[in-house]
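One structure is given below, encoded as structure tokens.
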Amino acid sequence: MNNKSLPVLLTNPNVLIIGGSKTALLKAQALQKNSLKINIVAPDVCDELRSIATRIDERNFTTEDLQNVDLVIDATGNNHVLQQLLGAKQDHQFLLNCCSNRQASDFYLCAQTNVGDLKISISTCGSSPTISRLVRDKIARFIPAEIEFLTDEKNADRLDGRIDVQETEQECQKAFPQVYLIGCGPGDPDLLTLKAYKLIKQVDIVLYDHLLTDEILELIPESTEKIPVGKQKGCHSYKQDDINELLYQKVLQGHTIGRLKCGDPYIFGRGSEEAEYLTQRDIRVEVVSGISSAIAGPACAGIPATARGYATHLSIVSAHLAGNHFNEEWFPLLKIQNHTTVVLMGLSFAREISIAALKSGISPTLPVAIVSNASRPDQKVIVTDLLNLPIAAENAERPAILIFGNVVNLHQILSASGQTTYRQAL
């Protein structure tokens, strides 16, 4: 371990690279990213170096090349050249980086990413340039493009003598998306988007719903703080207002938050309420779409939500209103020909749905499917009709969706082999 080092930025140094190999090319590319002149001395130079070098002397190195040089990069791997350079230090003032001998080096080039005037440099003090590059690339993904404009603005303020540290801190915080509303799909971890998977691995804290499966929760690193904030019927560990405020307070503490929500955050997931609450308080929010059970549920049950000859349009509704009230505004949808209606949060209202829909003139033989635990190992499908829906619902597990329409008849043909299915009154 070498802790006796100090990372600094040098302004417009004169740099000499000795060698013309691929190793020299990597060093030259680092100089090019920083708009520095690339001077090379080597008898043989690779083609890529020729296209970016400022000056090339195709010959062997001599100590006369050290005149007016601040930094020297030895990319030859030649011990004789190294000994020449070490001996020349008595007569020339320069710092040396030897690619083949980290102990002989006075400095190390960092793996670097530039966002305007913001330079982020990662170094392992020569131990592993590969690790430096990988860590740099991971960090770079979190730097928003707005930072470049912010640094330009603050540079102008500094030149005018205006420096407000608190204001700058607040503006910089706003540039970073601090809260991610992450849709985790219906439960199968293989149905997570790549973006959702990556963010679950990277955030500092996760707040998660109670219906999130153990398989998805197991993806969260042990070092990540985990806060269950699920709301179950009749048992709310957190009210929505409490969740909103908790998200806000955690962000103010400087954490990056992943709010893990079943399905899609904006499909009856109340994600819009959380996003609005945070946005009104100048907290940046990024929504990561997930596969809603309204889409995945029918597909997992072998029921195409739309199919030629069966359904030409689709509606997604909720049977549940605020205050645990029953929503029946969607019943006219059941009268539309060639239509599919997917109902979320409707299982507990199955009796009310059946009675009210029958009273409104809906056919009692309208096919209905109850899909429980869609995409999960314990998925079950009950096929019934509107008249017998209340009886079927008594044996159904939660979470579940209801599917109304003639497309339900395709379940018998398209359902996956081995799937647990109950047919009742059809």
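Every number in this text was worked out from the coordinates using simple rules, so none of it is lab data. Keep in mind it's a predicted model, so treat the numbers as computed, not measured. Neighbour counts are summed over all protein chains in view; Cβ atoms, including those assigned to glycine, are modelled from backbone coordinates with ideal geometry.
What is the spin-label model distance, in nm, from Ile56 to Ile120 if the labels are put 7 Å beyond Cα along the C-beta direction?
3.4
With label points built 7 Å along Cα→Cβ from the Cα atoms of Ile163 and Asp241, find their separation and express it in nm.
Between Ile163 and Asp241, the label points sit 4.4 nm apart.
Lysines within cross-link reach of Lys335: Cα-Cα under 25 Å, excluding same-chain residues under 8 positions apart?
Answer for Lys335, where 25 Å is the Cα cut-off: Lys359, listed by chain and number.
To two decimal places, what compactness ratio does the range 86-191 give when its Cα radius of gyration is scaled by 2.2 N^0.38 Å?
Values: Rg = 20.8 Å, N = 106, 2.2 N^0.38 = 12.9 Å.
Rounded to two decimals, the normalised Rg is 1.61.
Between Thr224 and Thr11, what is the FRET efficiency for a Förster distance of 60 Å, r being their Cβ-Cβ separation, to the nearest 0.05?
Values: r = 41 Å, r/R0 = 0.68.
Efficiency for this residue pair is about 0.90.
Using θ = phi - 60° and the Karplus relation 6.51 cos²θ - 1.76 cosθ + 1.60, list the HN-Hα couplings for the range 77-87 in order, rounded to whole Hz, with x at every Gly or Pro.
Each residue of the range 77-87 in turn: x, 9, 5, 5, 5, 4, 5, 4, 5, 5, x Hz.
Output ³J(HN,Hα) for the range 155-164: one whole-Hz value per residue in order, computed from phi by the Karplus curve 6.51 cos²θ - 1.76 cosθ + 1.60 with θ = phi - 60°, and x for Gly and Pro.
So the J values, rounded to whole Hz, are 5, 5, 4, 4, 5, 8, x, 9, 10, 10.
If you count, for each residue, the other Cβ atoms within 10 Å and average over each peptide, how do 184-197, 273-286, 45-58 line up from highest to lowest?
So the order, starting with the most tightly packed, is 184-197, 273-286, 45-58.
Could you pull out every one of the aspartates and glutamates with an alpha carbon less than 18 Å from that of Lys22, ignoring same-chain neighbours closer than 8 positions?
In chain and number order, the partners are Asp44, Asp47, Glu48, Asp57, Glu58, Asp74.
Once every DSSP H run of n ≥ 4 in the chain is given -39500 (n - 2.57) and the sum is divided by its residues, what mean residue ellipticity at 222 nm do you get, rounded to the nearest 500 deg cm²/dmol? Present the calculation step by step, with values, prior to reporting the outcome.
On the way: 14 runs with 128 residues, N = 426.
About -8500 deg cm²/dmol.
Stretched out fully, how many nm does the piece from Lys33 to Asn324 gain, at 0.36 nm a residue minus the Cα gap? If you can, show how the numbers build up before the last one.
Working: separation 291, 0.36 × 291 = 104.76 nm, distance 5.95 nm.
So the extension gain works out to 98.8 nm.
Return the Rg/Rh value of the range 55-148, two decimal places, where both radii are evaluated on C-alpha atoms and Rh is the Kirkwood radius.
Values: Rg = 16.5 Å, Rh = 15.3 Å.
Checking Rg against Rh, the ratio lands at 1.08.
If N is the number of residues in the chain, what value comes out of its Cα radius of gyration divided by 2.2 N^0.38 Å?
On the way: Rg = 31.7 Å, N = 426, 2.2 N^0.38 = 22.0 Å.
So the chain has a normalised radius of gyration of 1.44.
Please list, short to long, the whole-number percent of alpha-carbon pairs of the range 214-336 in consecutive 5 angstrom bins beginning at zero.
All Cα pairs, binned at 5 Å, distribute as 2, 8, 14, 18, 19, 15, 10, 8, 4, 2, 0, 0 percent.
Ordered by residue, what ³J(HN,Hα) values in Hz, to whole numbers, does the range 59-74 give under the Karplus form 6.51 cos²θ - 1.76 cosθ + 1.60, where θ = phi - 60° and Gly and Pro are x?
My calculation for the range 59-74 gives 6, 6, 5, 10, 5, 5, 6, 8, 5, 6, 9, 8, 10, 10, 10, 8 Hz in order.
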